[in-house]
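Bear in mind that the values in this text are calculations on the coordinates, not laboratory data. The structure presented is a predicted model; accordingly, all values stated were derived computationally and were not measured. FYI the Cβ positions are ideal-geometry reconstructions off the backbone, even for glycines, and counts take in every protein chain you see.
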Amino acid sequence: MRFIRFFFALLITGLLVWLLQTPQQAGNKTLPALGAFFNPFSGFWRNAEPADVSRHLPGEIKLQGLSGPVRVSWDDMLAPHIFAANLTDAVLVQGYVTAQHRLWQMDLITRKAAGRLSEILGERTLALDRLSRRRGMGYAAENDLKGWQKSPENTRLLEAYAAGVNAWVEQLTPADYPLEFKLLGYDPEAWTPLKTALVYESMAETLCSRDDDLAATNTLAHFGLSTFNMLYPEWMPGQQPVIPDTGQWKNIRAALPATTIDAAGLTGVSEVDQNAGADQDMDGSNNWAVAGSRTRSGHPLLANDPHLSLSLPSVWFQVQIHLPDQNSHGVSLPGVPGIIIGFNENIAWGMTNVGQDVSDWYKLTWADSARTAYVLDGQPRSVEWRIEEIGVKGKSALRDSVRYTVWGPVVYDHQPDHALRDCALRWISHDMPERNTFDLFLSLNAGKSYADYQRGMNSFDCPAQNFVFASRSGDIAIQVQGKFPLRKKEQGRFVQDGSQSANAWAGFIPQDQVPSMKNPSRGFVFSANQHSTPPTYPYYYCSPDFDSYRGRRIYERLSAMRDVTADSMKALQLDNFSRRSGDALPAMMALLDRSQLDAGGKEMADQLAAWNARYEPELLAPTLFEVWFDSLYRFTWDEMYALREAKKDILLPASWRLIALMRQDTANVFFDDQATPGRETARDMVAKSFLAMQNYFRQNPEAKTDWGRSKGFIIRHLAQIDAFSRADVVVGGHRNAPNAISKNHGPSWRMIVELSDPVRALGVYPGGQSGNPGSYFYDNMVDIWAAGEYNELLLLSGPEAMPANRSLAQQTFSPK
Amino acid sequence: MKPSLYTILFVLIAGQLCRFGLPWWAIVPVAALAGWMFPQHPAKSLLAGFAGGFLLWTLQAWWIDQDNNGILSARIGALFMGLPGWALLLLTGFLGGLLAGFGCLTGRWARDLVGQPAKTI
């Protein structure tokens, strides 16, 4: 009896422990092991950061690998200001403090890029992992690293950064693990230079992996050349390119290959799955610099706001790095040493994405039925195999063999009905960097002049960026920098024939001929992901991404500005005027017969007529207009939508084409509704879409609300955990306005630098320095950002220069 | 009454060992030890163990939560069906109580395996 009851109690206790030790399935959600997660000694409670965060920032830390002491002063935004005797020491400490606040984010980004999510998340991410691997993300990162390691200096820095991260990781006990590791139930692992390359490739994938080759090929085959050219012209009249033609290209025309691509010979029409949409939310950005001739102080001003998918933890990590011979402050990418966008005592720099197409598809002719060889110039050539072993939590690993050709990997041949199943991907990011990407950021961090900026530019390949520059000595400049394929006219717009080596890129645009501009007489330079150059630039390029509206607006505003101050720069970054809607609204109102509307319709039309195309959060008109314009867009391009519905990848015309047709060609055949026997015009489509809008709001009365709410803005947690996201932020803006806030994209960093003596700078990003949802600093800058306010960015001369009212903690790192 | 009080105090004090890298279920052997050392009616052992575990986990979590201004408990609460912070504290305490209660009972009955059943009050 005694034994029985003892074992009974033991059994119950054991079961209880087992139950609380095991992750539980609740519906489609996996709950963490409750005992491990809830116990207050090592579970989630341990991640609740004390309000006095300095208790997590001990004064003295021993760090292996340092050559001397490094001081770190933390400011009230939890930005570290690192004071070191040399760059290697600074980068070591940068790795350590970044890992302290962003370790899980660094792990997730590298896992996603490397196709290793399934190791922790199981089968549900397997398709995603497989695609990352088949696109050659790991292959690209390995090549990056090979290129970077040609320089001993860079190798040392990459290793120092990794050592810093690992010094943080090694002292963690499971109780200290970042919250997400506990939630998902896995352990952090060591950092390596390859992971830095993976972070880098993840950025490259975001910024330069898009192309429309298949859609353009399908569209051309379906509609024929003249319709294709009418609907998808490459140049939008009236836009302002990054670099205007000032006669600088007159002498380089002759160097180009003369042949044009034979568009009629293209194949590869098949079906593909893709989500449709009018203007897509795209990763774009704004930057500009204004010369002293236009500013009130006489000093140049520089501004940059890179628009990315907004997340928590944030894309950026703010840091100052002070060495005896350089002192810079700005934002870094967690996982990458140095500062990416920022300023120092002498210069400031910023970036926007160039967006030229550097990703092409080549249709292969297989030489055998097993597809182990393909034909190139009439000869069979064996594919090379890259074996990808994808670990899957709770399952056995998946071994995937990927074919590599002279062009690159065959990405989709694991999907037999995919239109690109027989195509190889030629992506510039796969190339081993010829020049050393890191040198750019090192040159900029340490730069003093335009010459340093230029020297840095020479080393930057990919992902191509519009680098804006301003110096205290009064120079402003912008350069479209990257490695750009030397293309025949329209080469790379469509899927190409991969059986001829003559179809390869003929080389790359020489570095001294990339578009560039210094101190233009107009007194400003700017970019907003628009065309790099006007059509007179002698080299051909294309893009699935060029923006047509923000650039025009910024150009209009900057041209009109005199006596520019930091406040005028703020106003432009926060400008909610959408040039697209400013163009579309009058055109639509002119075609709208208001006498046909009912009372509710008239009231809406009045609101719209009075609207100034500003996407202010408190207005209703933008909410109405978005539905109206979107309906009109879909009704007009119903031909394309019908094809896309049938899983055929078809290009959607740029919204400016619709606006231009409304103004110039109201009887265009595309205004005809395919579903009716009659022949409709733009007027009919405008009326029909207006009624559709009325209908929509009648059926969804809750949607008829101000723009700030209607937009559904959300800053998502990187693992899509709603409880760690911010969905309560009400902001204005529009993807086509300078303040390009859409549903979950927007200015990921706003920076304004005045190149005065001393330099003054402002900056803010929608997040916080800490990646820990249990920290005040997880999202403390979100509200500052949403209110359109900025923090002063401190460029300190030493740790003791930190103003008392902004000081959080002081640390000294010394050699172990 | 005394063994109950001792049990609770023992769990509260020895339970602090959990700070030092012990696995999260260390509260179970701690409570079992208390059940062994302070014999009483098994139902009372169970209850005292529960009370000790409940207090240990709730107080520790409460202390952390105060220091954090409830930032994390609000987020974790949202993760678990929108529980408010105080409910999260109670849930934490309940789990600790359950573990310690059954641990204590096991220890109590383990003592009966050696020699005569202990006299219970």
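To the nearest 500 deg cm²/dmol, what mean residue ellipticity at 222 nm is calculated for chain A from DSSP H runs of n ≥ 4 alone, each contributing -39,500 (n - 2.57), summed and divided by the residues? So the helix-based figure for chain A works out to -9500 deg cm²/dmol.
Counts of other chain beta carbons within 10 angstrom of each beta carbon in peptide B:99-105 average 5. A protection proxy built from the mean count of other Cβ atoms within 10 Å ranks the segments A:397-404, A:244-251, most packed first, as A:397-404, A:244-251.
Decide, for the stretch A:111-180, between rounded, prolate and oblate: order the square roots of the alpha carbon gyration tensor eigenvalues as a ≥ b ≥ c, take rounded if a/c falls under 1.5, and otherwise choose prolate if a/b is larger than b/c, else oblate.
The shape class here is oblate.
Residue ranges B:3-12, B:52-61 sort as B:52-61, B:3-12 when ordered by packing (mean number of other C-beta atoms within 10 Å per residue, highest first). Among A:V17, A:V358, A:V495, A:V627, the order by Cβ neighbours within 10 angstrom, fewest to most, reads A:V17, A:V627, A:V495, A:V358. Taking amide hydrogens as placed 1.01 Å from N in the peptide plane, the amide H of A:S748 sits under 5 Å from those of A:H307, A:L308, each at least 5 positions away in sequence or on another chain. Find, among the trypsin sites (Lys or Arg not before Pro) in the stretch A:27-81, those assigned to loop by DSSP (not H, G, I, E, B) with at most 15 other beta-carbon atoms within 10 angstrom. Those that pass, being in a loop and sparsely packed, number zero. Taking trypsin sites (Lys or Arg not before Pro) across the stretch A:653-758, the ones in a DSSP loop with at most 16 further Cβ atoms lying within 10 angstrom of their Cβ are A:R679, A:K704, A:K743. Only aspartates and glutamates eight or more places from A:K711 in sequence, or on another chain, were considered; those with a Cα closer than 16 Å are A:D279, A:D281, A:E616, A:E618, A:E626, A:D630, A:E702, A:D728.
Rounded to the nearest Hz, the phi-derived 3J(HN,Hα) couplings of the stretch A:151-159 under the Karplus curve 6.51 cos²θ - 1.76 cosθ + 1.60 (θ = phi - 60°) are 9, x, 4, 5, 4, 4, 5, 4, 6, where x marks glycine and proline. Take the stretch B:1-40, compute every pairwise Cα distance, and split them into 5 Å bins from 0; I just need the percent in each bin. Percent of Cα pairs in each bin: 6, 28, 31, 19, 10, 5, 1. So, in Å, what gap is there between the alpha-carbon centers of the stretch A:36-102 and the stretch A:352-377? The stretch A:36-102 and the stretch A:352-377 have Cα centres spaced 47 Å from each other. Amide H to amide H distances under 5 Å link A:D547 with A:Q530, A:H531, where only residues 5 or more positions off or on other chains count and H is placed in the peptide plane.
Placing +1 on the Cβ of every Lys and Arg and -1 on the Cβ of every Asp and Glu, with no other charges, gives the protein assembly as shown a dipole of roughly 1820 debye about its Cα centre.
Compactness check for chain A: Cα Rg over 2.2 N^0.38 Å is 0.99. Cβ crowding within 10 Å, taken as a proxy for footprinting-reagent exposure, orders A:D211, A:D665 from fewest neighbours to most as A:D665, A:D211. Taking the fewest neighbouring Cβ atoms within 10 Å as the starting point, the ordered list for A:D325, A:D461, A:D783, A:D212 is A:D325, A:D783, A:D212, A:D461.
Legend: mean number of C-beta atoms from other chains within 10 angstrom of residue C-beta atoms, peptide B:29-37, equals 1. If each Cα of chain B is one equal point scatterer, what is log10 of I(q)/I(0) from the Debye formula at q = 0.10, 0.23 Å⁻¹? The computed values of log10 I(q)/I(0) come out as -0.33, -1.14.
Note: relative contact order over chain A, using C-alpha pairs below 8 Å and six or more positions apart, is 20 percent. Karplus-based coupling profile of the stretch A:605-618, in residue order and whole Hz: 4, 5, 4, 5, 5, 8, 7, 9, 6, 9, 8, 7, x, 8, with θ = phi - 60° in 6.51 cos²θ - 1.76 cosθ + 1.60 and x standing for Gly or Pro. Note on A:30-40: average number of Cβ atoms from other chains within 10 Å of each residue's Cβ is 6.
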